Every structure is written in C-alpha cells, then in structure tokens.
Amino acid sequence: MHNERINIQLDGGKSEMTYSIPIGPTHPALKEPIRFSFELEGERIVGVDIKPGFAHRGIEYMGMRRNLIQTLYLSERICGICSISHPLALTQAVEHAAGIEVPPRAQAIRTIIGELERIHSHILWAGVGAHELGFDTLLHLSWNVREKVMDLLEQLTGNRVDYAIPIYGGVRRDIPEEKAHLAYEALDYYKRLLGDMIDAFLHDKSVEMRTKNVGVLTYDEAVALCAVGPTARASGVNRDVRQDWPYYTFADMQIQAITPRDFGREPVGDVYDNIIVRLLEVGQAIDIIEHCMEHMPSGELMSIPKVPALLAALKKAEGEGIGRHEAPRGEVFHYIRLEADVEEPVAWKVRAPTYGNLMSWVPKFLGDEIADIPIIAASIDPCMCCMDRVHFVTRAGDRSTQWKQELVRRSREKTRRMCG
Amino acid sequence: MALPRSFKRALWVFHVATGSCNGCDIEIVAALTPRYDTERFGIMLTGTPRHADVLLVTGPVTRPMLPRLKRIYEQTPDPKAVVVVGGCGSTGGVFYESYNIVGPVDEVVPVAVYVPGCPPRPEAIIDGVVKAVAALETAGVSR
Amino acid sequence: MTSDELLAVLSGKLGGELTVLRSVEHRHGEAGRPIVDLWVEVPLARLRDAVAALCDASPPHITVISGDDLGDRIILNYHFSVGWGTHYGEVALILRTSVPTDNLTIPTISDLLPGALTAEREKHEFYGITVDGIPDDRNLFLPEDMTIHPWRKDEASVQRTTSMVKRLVKWETRDA
C-alpha cells in the first residue's frame with residue numbers, strides 16, 4: 001500500500017527477487033520481545049513488518065480491577081527504565097480528574113526525580129547503542145558512569161529502579177537539606193564528564209561513519225507518523241511536552257526542545273542525530289535539576305497525607321482527566337475516568353512513547369543493510385536492543401539459523417570494513 | 001554426574017525475557033558492567049542457549065512467550081539450572097489476574113533458584129547465579 | 001494555537017454538530033500560566049470532517065484513541081494535541097465520538113494522518129470495532145489467534161472465558 005499523501009511505503013514492495021527474514025521474538029529489544037520480518041534484496045532491506053505483543057500483560061485490564069493506589073504501583077512496572085514516567089502521568093491524570101492539588105514542593109521533587117531518570121536512561125541508551133556498533137568499551141565506560149546517578153537515586157528514594165515517589169496529591173519522600181550535597185556532587189560529576197561523553201560518541205570517526213545517514217526519518221515522515229521524543233526531535237520536529245504543555249515545575253521554566261541544530265547540524269533524522277539529541281538532553285537535565293534544587297519551594301509534601309483519607313477522596317471522585325509527561329523516550333500519556341462510589345478506575349488508557357514510535361521504524365529500515373539492523377532498531381530507544389535470533393529462509397527453501405552473535409558480528413565487521 | 005571443573009572457572013548465562021518490564025533485564029546487564037563485573041568470576045552473557053549453563057528468566061510468562069520459553073529450555077544442554085530473576089517470574093508479582101499471562105515461570109520450566117525483588121539488585125542476581133551452580137553441584141544432575 | 005482558535009476551526013467545518021463538552025485549565029508550578037485540555041464531541045458521521053479540518057489548519061499529532069464500553073455504545077476519545085513547537089503553545093484536544101454496539105464500524109483516519117494506524121488497529125482487536133478502509137487490520141498487540149475482545153464488558157469480553165483469566169497469586173480471603 002502506498003500512501004498518496006505522504007511518500008511512505010507501509011508494507012514494502014514485494015518482488016520476485018526478495019527473500020524474507022523473521023527476527024525475534026526472543027530479544028529484549030523493546031519493552032516487549034518483538035518480532036520483525038524483513039524483506040531483503042541482497043543485503044538491502046526493502047520491506048519490514050513489525051509484530052509486537054509478546055510482553056502484552058493486559059495492564060489496562062488489570063488496572064481496571066484494582067483500586068487506584070494499586071494501579072499506581074502497577075503503572076510503575078509498565079517499564080523498568082522509565083519507571084517514574086508512568087506514575088507521573090497517571091497521578092497527573094487522576095489529579096486532573098478528581099481535582100486534587102499538588103503542593104509546589106512535591107511538584108519540584110517529581111520534576112527532579114524525573115530528570116534524574118532521564119539522565120540514567122539516556123546514558124543507558126548510549127551504551128547499548130555503542131554495543132550494537134561493536135564498541136563494547138564504550139558500553140562498559142558509559143554504564144560505569146551511569147552508576148553515579150543510580151547511586152544518587154538510591155540515596156534519595158531508596159531504590160535504584162521503581163522509586164515509588166509519586167502519590168496522588170504529592171510525593172512520598174522528601175529531599176531534605178542534608179541530602180542536597182549528594183545531588184550537587186553527582187551533578188558536578190556529570191558536568192565534568194559530559195564533554196568527554198560527547199567527544200567519545202560524536203567526535204569518533206567510526207561512530208560517525210556507522211551512524212551518519214543510517215536509519216533516516218525525515219521531518220515530514222516524523223510529523224505524519226506522529227513520532228515523539230528524541231526520535232522526532234532528531235528529525236527536526238521541535239516537539240516536547242515540557243515546552244508545549246508545561247506541567248509541574250516546568251510551568252515556571254522555559255524549556256526548549258533540543259534538536260540537532262543545538263549542536264550546529266541541520267537535522268537529517270539519522271542515528272547520529274539521535275545520539276546528539278540524547279546527549280544534549282543529559283546536559284539539559286543537569287541544568288533543570290540544578291534550577292529545581294536552588295529554587296526548591298518549602299511546604300508540605302502531600303495535599304492529603306493519610307492514605308485512607310486519600311482512598312476515600314478518590315472513591316468519591318467523579319470525572320475524567322488526561323496526564324502527559326515527557327519521558328526519556330517521548331510523550332507518555334494516560335487517560336483515566338473515575339466514577340463515584342467505584343474504587344477501580346472505570347476506564348484507563350496508557351500510551352507509552354514507543355507505541356507512537358513503532359511506525360517510524362518502517363521508513364528508518366527501508367533502504368539500509370542487514371548489518372545496520374541492530375543500530376537502527378536501537379535508535380528509537382525501545383528500551384533494550386539485543387536481537388537474538390535471525391532465521392534466514394532463501395528462495396530455495398533451505399534454512400540457516402543465525403544468532404544474535406552473528407548479527408552483532410556482521411555489524412562489527414561492517415565497522416572494521418568502513419574504518420579500513 | 002560431577003560437574004566439570006570448568007564450571008567453577010567459566011559460567012555462561014543466557015537471558016530470556018518473557019514479557020518483563022525490563023527492570024530486571026537492565027539490572028542483569030548492569031551486573032556485567034565494571035561496577036559489579038561478573039566477568040572476573042568467569043560469568044558471561046552468551047547469545048545462544050546452546051552454549052548456556054544457566055538460564056536467567058525474567059517476567060511473568062505471557063501467552064505468546066510460553067512456547068518459546070519451553071523451546072529455549074529444551075535447547076539448553078545439560079547440566080543446566082534455571083534462575084528466575086524478579087518478583088513477577090517467581091510468583092506473578094503485581095501481575096495477577098490477566099488474560100495474557102500464564103506464568104509464573106515454575107509452572108513452565110523447573111526452577112532452581114528464585115531471586116526476589118522488583119527488581120533485585122545486581123549483587124543479588126550474581127548471588128543467585130552462584131547459588132544455582134551450588135545447586136547443580138549438590139543435585140549432581142540438571143533440574 | 002489557542003483553544004478559541006481551535007474551536008473556530010472545528011465549528012467552521014461542523015457548525016452545530018460540534019458539541020463543546022468543556023474546556024479545562026490546569027495550573028502547575030507556582031506562577032505558571034494555565035495549560036488547557038479541550039473536550040468536544042462530534043457525531044460519528046462527521047468524524048473525518050473534523051479530522052480533515054484539523055489537518056488543514058495545523059498538523060495535528062494523534063497520541064492515542066481511548067475507549068469506554070458503556071453497554072449500548074462504545075465511546076471513543078481521539079486524543080490529539082495541536083500547536084506543538086512553542087512555549088505553552090499546545091492545546092490537548094479530546095475529540096469524542098460514540099459508536100453503537102450493534103453497529104461497530106468507524107471510518108479510518110489513517111489516510112489523513114498515517115500515525116493513527118497503530119491506534120486504530122488496537123481498537124479493532126480490543127473492542128471488535130471494524131475500521132472501514134484500514135490498510136492493515138491484523139492483530140497488533142494480541143496473539144493472532146485471539147478472537148475475543150478484552151476491553152468489552154459483555155459477551156464478547158474475556159471475562160466470559162474464565163479459563164483465559166489466570167490468577168497467579170491465590171488469595172485465601174478473596175473469592176475466586
């Protein structure tokens with residue numbers, strides 16, 4: 001099918017000369033193990049079909065059978081990497097629906113933890129991307145650097161992942177004055193290292209050769225396919241919920257969506273642009289956290305401190321609301337409808353950012369080679385990218401099974417070839 | 001059957017995600033990085049179950065992943081041990097009562113070690129793998 | 001784009017068939033300006049006209065389509081955001097329409113806005129809604145052989161097939 005309005009091949013042209021490879025599902029490349037099916041002409045990809053759903057747990061179905069506080073903890077475990085993003089959007093939706101206010105100090109703490117999560121997630125992605133290109137050294141270096149923010153998160157919230165910080169009407173834990181120095185130390189650490197990270201990733205000749213003009217998503221495609229997050233910003237679409245529809249403490253700040261132009265490059269929408277946007281966003285996150293720490297409002301942490309009173313207020317609440325948050329991967333959106341005297345949410349819809357970026361994989365893959373599959377799949381940041389098993393079926397019908405090692409080997413060989 | 005001595009020197013681990021939220025998966029990968037560094041113990045992540053000694057399974061088993069998990073278990077050669085990482089694989093965790101979940105993992109494959117936590121710390125995961133090797137030694141054959 | 005401009009665009013095309021449910025302002029931060037979500041309802045027959053009007057005025061972004069099974073009809077909320085790119089420039093638009101349960105068919109908007117395809121496929125598999133003109137109606141998130149619709153609350157729903165819903169944790173004090 002050829003979409004007339006925008007020049008996108010949504011199912012890929014099939015011809016006599018193509019053969020098809022299914023990939024997956026056992027490779028935790030997404031929040032879900034996922035299955036791709038590539039149509040190849042030689043080494044070039046001419047069609048791609050995506051089947052998600054292997055990690056579909058029925059979250060919304062389950063959430064509509066629990067009370068709202070249980071739903072909050074369930075939403076935290078929708079994704080373990082952006083684990084505060086879903087609670088931030090869900091609490092916003094319920095607070096909008098039920099008319100619950102959030103004190104300013106709580107909003108600032110939510111913002112700080114959200115930005116700390118952005119730092120850890122982007123460094124995680126950078127390491128994984130390096131691994132897909134064959135630079136295991138960069139993987140180990142960047143994940144070692146990431147441990148500092150994981151330590152800070154543990155010191156502030158009590159856990160490395162799944163912090164359980166937001167609650168309807170506020171936050172559960174404070175960032176007291178005694179701990180402020182920990183945050184400043186970590187921020188200084190990253191400020192010193194950011195220049196080195198940008199050097200290692202963006203000024204490295206082999207990374208440039210493997211990522212420039214690979215996996216291109218043009219501006220028009222990004223707008224038409226409704227891409228979100230750094231994937232869209234890398235194509236030049238300056239869309240960012242913190243800029244367009246500012247919530248929490250962002251309402252008092254002037255956040256600007258980061259595009260490759262902030263690095264002096266006209267956006268092409270390739271993997272290199274994705275690296276630029278994510279690394280610069282780490283710098284932006286550091287600035288935001290500093291600003292919030294310096295202007296931390298005083299006051300209470302929760303507008304309804306006692307949980308039974310909160311549950312009673314939520315049970316009486318009637319209304320519907322939406323909540324949006326700019327997670328590290330893009331816009332997280334929650335819609336909720338509450339009915340009076342019913343404990344469970346009557347309707348709940350979750351939209352994670354990769355849901356919106358699924359379709360942008362198709363134009364990114366078309367025209368590139370097999371060896372680029374790992375890095376292109378990783379470029380929209382679908383949580384983790386280790387594609388596991390590739391099954392080749394030739395026209396003659398003989399099969400050969402290739403493993404993740406084979407795909408990564410091809411990817412690394414291409415690097416060696418290009419570096420001469 | 002006594003375990004070959006090489007088990008104490010090098011243990012290859014294969015990771016299977018059966019629909020997890022990726023929290024445990026990231027902590028498993030973090031266990032390989034320089035802060036926790038399992039490679040100094042000879043524990044390495046491999047890309048194929050056919051070379052693996054220990055299977056690290058995460059996630060409540062979703063319906064589409066059920067046959068794949070069974071197949072991967074069968075493809076792993078003896079002696080092997082299955083280590084379930086995380087609360088949802090052990091008992092279901094926060095995911096109960098869903099139409100697409102058929103877990104927990106011990107209803108699909110036999111499990112040697114459970115590492116509880118949501119997610120467990122990387123140190124706990126390494127401890128779990130070490131206990132799996134100990135379980136293999138005492139049991140003598142694969143479980 | 002402000003919500004007034006957005007309403008002018010929509011009522012220009014739809015006239016009296018557009019019902020404005022409410023416009024809600026939320027204030028975050030300490031001195032922030034309000035952010036707006038705008039809830040409107042259109043009849044199903046005018047859905048495509050409304051979306052076309054949005055596409056002509058300013059490229060909209062569709063986030064998702066959420067649904068609500070009310071028994072005799074299913075409410076569909078099309079969540080758009082209009083006006084990205086400038087500080088405080090966006091309005092979150094919720095375009096609501098309802099589909100009668102005895103005639104579950106909606107027109108596709110994926111030719112106007114290709115990004116809506118994922119959301120439409122999801123509505124097809126979770127509610128059993130036929131999307132007229134959709135280029136691809138295979139199951140996306142559910143297994144291919146699944147024929148029942150999890151979000152429905154009636155015979156078509158998963159609850160009827162009690163064997164499908166598994167309780168992983170056995171609660172002694174709660175009923176099964």
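For C:Arg73, the residues whose amide H sits under 5 Å from its own are C:Thr101, ignoring neighbours fewer than 5 places away on the same chain, with H placed 1.01 Å from N.
Here the Karplus curve 6.51 cos²θ - 1.76 cosθ + 1.60, taken at θ = phi - 60°, turns the phi angles of region B:39-53 into couplings of 5, 5, 8, x, 8, 9, 8, 10, x, 9, x, 6, 9, 8, 9 Hz, with x standing for Gly and Pro. For chain C, taking the reciprocal of the average inverse distance between every pair of different Cα atoms yields a Kirkwood hydrodynamic radius of 18.0 Å. Computed over the Cα atoms of chain B, the ratio of the radius of gyration to the Kirkwood radius (Rg/Rh) comes to 0.95. Taking Lys and Arg as +1 and Asp and Glu as -1, the other residues whose beta-carbon sits under 9 Å from that of A:Ile109 total +2. Peptide A:238-251 shows a mean partner chain C-beta count of 6 within 10 Å per residue C-beta. Computed from the Cβ-Cβ distance with R0 of 35 Å, the FRET efficiency linking A:Ala313 to A:Glu177 stands at 0.70.
With helices defined as uninterrupted DSSP H runs, which ones in chain A have an alpha carbon span along their own long axis of at least 30 Å and mean Kyte-Doolittle hydropathy of at least -0.5? Span-like helices in chain A: A:104-133, A:136-157, A:177-202, A:271-294.
Normalized C-alpha radius of gyration of region A:92-301, against 2.2 N^0.38 Å?
Normalised by 2.2 N^0.38 Å, the Cα Rg of region A:92-301 equals 1.07.
For the pair region C:3-60 and region B:106-137, the centres of their Cα atoms are 53 angstrom apart.
Nearest 10 degrees is fine. How inclined is helix B:122-139 to the longest principal axis of chain B, computing both from alpha carbons? The two axes meet at around 70 degrees.
Anisotropy class assigned to the protein assembly as shown is rounded, per the alpha carbon gyration tensor with a/c under the 1.5 cut-off.
Could you give the length gained on full extension between C:Thr105 and C:Arg138, defined as 0.36 nm per residue of separation minus the Cα-Cα distance, in nm?
Values: separation 33, 0.36 × 33 = 11.88 nm, distance 1.59 nm.
Computed gain between C:Thr105 and C:Arg138 is 10.3 nm.
Take peptide C:16-26, look around each residue's Cβ out to 10 angstrom, count Cβ atoms belonging to other protein chains, and average those counts.
So the per-residue partner count for this stretch is 2.
Take the Cβ atoms of A:Met418 and B:Arg50, set R0 to 41 Å, and the FRET efficiency comes out at 0.85. Distant-in-sequence amide contacts of C:Leu93, defined by a placed amide H-H separation under 5 Å and a gap of 5 or more residues or a different chain, comprise C:Leu38, C:Phe80, C:Ser81, C:Val82. What the pair-distance distribution of region B:62-117 shows, using all Cα-Cα distances binned every 5 Å from zero, is 4, 19, 28, 25, 16, 5, 2 percent.
Considering every residue in C:110-120, what mean count of other chain Cβ atoms within 10 Å of its Cβ is obtained?
Working: counts 3, 5, 2, 6, 12, 13, 3, 6, 10, 5, 0.
Per residue, the number of nearby Cβ atoms from other chains is 6 on average.
Put a dot 7 Å past the Cα of C:Asp145, heading toward its Cβ, do the same for A:Glu185, and the two dots end up 5.7 nm apart. Segment A:Asn67..A:Arg261, full-extension length gain: 65.3 nm, with 0.36 nm per residue of separation and the alpha-carbon distance subtracted. A DSSP coil position with no more than 11 other Cβ atoms inside 10 Å describes none of the GluC sites (Glu not before Pro) in region A:145-188.
Rounded to the nearest 0.05, what FRET efficiency is calculated for C:Thr19 and A:Ala340 with R0 set to 25 Å and r the Cβ-Cβ distance? Given R0 = 25 Å and the Cβ-Cβ separation, E is 0.60. Only beta bridges with both residues in the protein assembly as shown are counted; by DSSP, about 70 percent of them are antiparallel. Packing-based ranking of A:338-348, A:363-373, C:115-125 yields C:115-125, A:363-373, A:338-348, ordered from highest to lowest mean Cβ neighbour count within 10 Å. For region C:117-134, 3J(HN,Hα) computed residue by residue from phi via the Karplus equation (6.51, -1.76, 1.60; θ = phi - 60°) reads 4, 4, 5, 5, 4, 5, 5, 5, 7, 8, 10, x, 7, 7, 9, 5, x, 6 Hz, glycine and proline entered as x.
Computed from the coordinates by the stated procedures, all read-outs in this text should not be read as laboratory data. A quick note: this is a predicted structure, and the numbers were derived from the prediction, not measured. Cβ atoms come from the backbone with ideal geometry, glycine included; neighbour counts cover every protein chain shown.
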